[in-house]
Ligand code: NAD
């Protein structure tokens, strides 16, 4: 049996699946990852730009990055979920997949119809005041105007709701993600290098809890290299998952 056929068999027989996704799942939708290709964001920007202390000290320098992430990629109307996002949504609809833990901040799982999505690193969908309860949707923000925007209630800085380096994981997402690793028989890992901590602990915990790890990536990840992966299917997530949907008879 080929790796994709083995993956199809495991998914067919699984009762409770968890998916753990990273930037690679959204590459075919047109959003570049941080690492792994010449178009990666860290080839263009210094990661320091989204360090919390740097943001506070040099807010204006983060402007170009935030604009690019919000407008050039995340908020473009032609950026839509691909077959991989749709496949995971279809598995949830069938009652097989119970949750997605995503490191992504692009909202594409929700756009594909997935309901239980733990956003481990927050989201680009909203921005919040760091000092009061003011929140604004990113679509309502004028990033051509002065940046960072000031809170209309208290005048303090408004920050995107995705986490910067130096920030903790949002509490609810953290607790939900840990709980989601319990009682799963298969953990699907898609498009992640596995290099970002503590997110990397999610598949590790699922494996310890008895789950089989099925990984989809264009190249081996930390999980593959550490021998944690039970089935490795190499290729582009969207292409592979279209084929997988055919093999298990799921409708995308
Ligand atoms: P990463 O950038 O470290 O790694 C991307 C991974 O995707 C690599 O392993 C690469 O081989 C793989 N990949 C590339 N194209 C693929 C494809 N078509 N199909 C399958 N796999 C493919 O990403 P990461 O592990 O998610 O961690 C980095 C951080 O990046 C996360 O914290 C996340 O918040 C952030 N990020 C998110 C987005 C997004 O929301 N779409 C985009 C860039 C970065």
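Just so it is clear, none of the values below were taken in a lab; they were calculated from the coordinates. What you see is a predicted model; the values in this text were computed from it and never measured. For neighbour counting, all protein chains shown are included, and Cβ atoms are generated from backbone atoms with ideal geometry for every residue, glycine included.
Restricting to DSSP H runs of at least four residues, report the calculated mean residue ellipticity at 222 nm for the chain, -39500 (n - 2.57) per run over all residues, nearest 500 deg cm²/dmol.
-8000 deg cm²/dmol
Taking Cα centroids, how far is region 1-36 from region 117-192 in Å?
24 Å
Treat each spin label as a single point 7 Å out from the Cα along the C-beta direction, and report the residue 98 to residue 247 distance in nm.
It works out to 2.5 nm between the two label points.
Where both partners of a DSSP beta bridge lie in the chain, what percent of those bridges are antiparallel, to the nearest 5?
The antiparallel fraction comes to roughly 25 percent.
For each of 98, 121, 58, count neighbouring Cβ atoms within 10 Å of the residue's Cβ, then give the residues from fewest to most. Show your work: numbers first, answer last.
Numbers: 98 16, 121 19, 58 13.
Ranking 98, 121, 58 by Cβ neighbours within 10 Å, fewest first, gives 58, 98, 121.
So for 41, 97, fewest C-beta neighbours within 10 Å to most, what's the order?
Least to most surrounded, the residues fall as 41, 97.
Looking only at 176, 24, 155, which one moves most when the chain is put into a Gaussian network model with springs between Cα atoms under 10 Å?
Result: 155 has the largest fluctuation of those listed.
For region 1-102, calculate the relative contact order in percent as a whole number, restricting contacts to Cα pairs under 8 Å that are 6 or more residues apart.
Relative CO of region 1-102 lands at 41 percent.
Within region 195-231, which residues have the backbone N less than 18 Å from the label spot 7 Å out from residue 165 along Cα→beta-carbon, could you tell me?
195-200
With labels modelled as points extended 7 Å from the Cα through the Cβ direction, what inter-label distance (nm, one decimal) is found for residue 201 paired with residue 34?
Here the modelled spin labels are 1.7 nm apart.
Could I have the simple spin-label model distance between residue 9 and residue 178, label points 7 Å from Cα toward Cβ, reported in nm to one decimal?
3.6 nm
How do 202, 136 line up, fewest other C-beta atoms within 10 Å first?
Placing the least packed residue first, the sequence is 136, 202.
Could you give the length gained on full extension between residue 219 and residue 115, defined as 0.36 nm per residue of separation minus the Cα-Cα distance, in nm?
My answer for the length gained is 34.6 nm.
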